Amino acid sequence: MSFKPSSVVPPLTRPQLAEARRVRAAELFGQGRSNAEIARMLGVSDESVRRWKRVWEEGGADALRRRPATGRPPKLDDAQVERVRTALEQGAQAHGFEADLWTLERVGAVVERVTGVALSRASVWRLLTGRLGWSLQRPERRALERDESEIARWIAQEWPRIKRGR
């Protein structure tokens with residue numbers, strides 16, 4: 001198992017999509033569109049539009065935006081996360097590991113070395129996938145003895161013979 005930075009812009013998360021829908025509904029309320037029309041345009045239920053409209057009338061468009069998550073703050077602040085990102089981008093071998101593959105345990109060890117904060121495997125996973133935007137990559141397993149030219153010869157010569165039944 002290995003982790004690599006994702007090269008594409010990650011798609012919007014479900015909470016981000018929901019917020020975008022509510023903000024679009026607020027714009028449509030301002031245009032004087034009917035609830036049924038807004039529900040149809042956004043692909044949501046009439047009840048959702050009615051609920052959003054009540055909130056919009058009481059607090060405006062800002063009332064329809066997401067609120068910051070409550071609960072315990074993250075163990076790593078943004079500056080620490082950036083230090084971890086820099087350390088991970090150097091590669092696993094730069095941190096004394098034999099193979100240049102990142103595992104949750106290895107990342108956890110580097111996080112602790114760089115920041116002094118010990119994270120559980122689950123927290124390391126959330127750090128990698130959530131805050132750093134990395135994705136899981138599984139290395140391809142190939143035999144060391146693999147001979148590409150012999151494989152190509154077999155496909156070109158032997159396989160047609162086997163298919164013909166000779």
| said: Quick check on ARG138: is it open to solvent by 70 Å² or more (accessible area, probe 1.4 Å), under 30 Å from LEU12 (Cβ atoms) and either of a type in the set (Asp, Glu) or touching a Ser or Thr at 6+ places or on another chain (Cβ under 9 Å) (or both)? | reply: yes
| So is GLY71 closer than 25 Å to PRO15 by Cα and open to solvent by 60 Å² or more (accessible area, probe 1.4 Å) or not? | yes
| field | Single match in LEU17, LEU64 (criterion: at pLDDT below 95 and under 21 Å from the mean Cα position of the chain (by Cα)) | value | LEU17
| remark: Of (1) aromatic (Phe, Trp, Tyr); (2) open to solvent by 40 Å² or more (accessible area, probe 1.4 Å); (3) within 21 Å of the chain's Cα centre (by Cα), PHE97 satisfies every one except (3)
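Conditions tested, residue by residue: (1) over 30 Å from GLY133 (Cα atoms); (2) in a loop (DSSP other than H, G, I, E, B).
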residue	(1), (2)
LEU12	no, yes
GLU19	no, no
ALA39	yes, no
VAL49	yes, no
ARG54	yes, no
ALA63	no, no
| field | Single condition ASP147 does not satisfy, out of (1) under 28 Å from ALA79 (Cα atoms); (2) surrounded by 10 or more Cβ atoms within 10 Å (Cβ to Cβ) | value | (1)
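The values are calculated or read from the model by the stated rules, or taken from the named source; none is laboratory data. This is a predicted model, so every value here is computed, not measured. No Cβ is skipped: glycine too gets one built from the backbone with ideal geometry, and neighbour counts run over all protein chains shown. Just the protein is used for accessible areas: all its heavy atoms, side chains included, with ligands, DNA and RNA removed. Shrake-Rupley method; radii C 1.70, N 1.55, O 1.52, S 1.80 Å.
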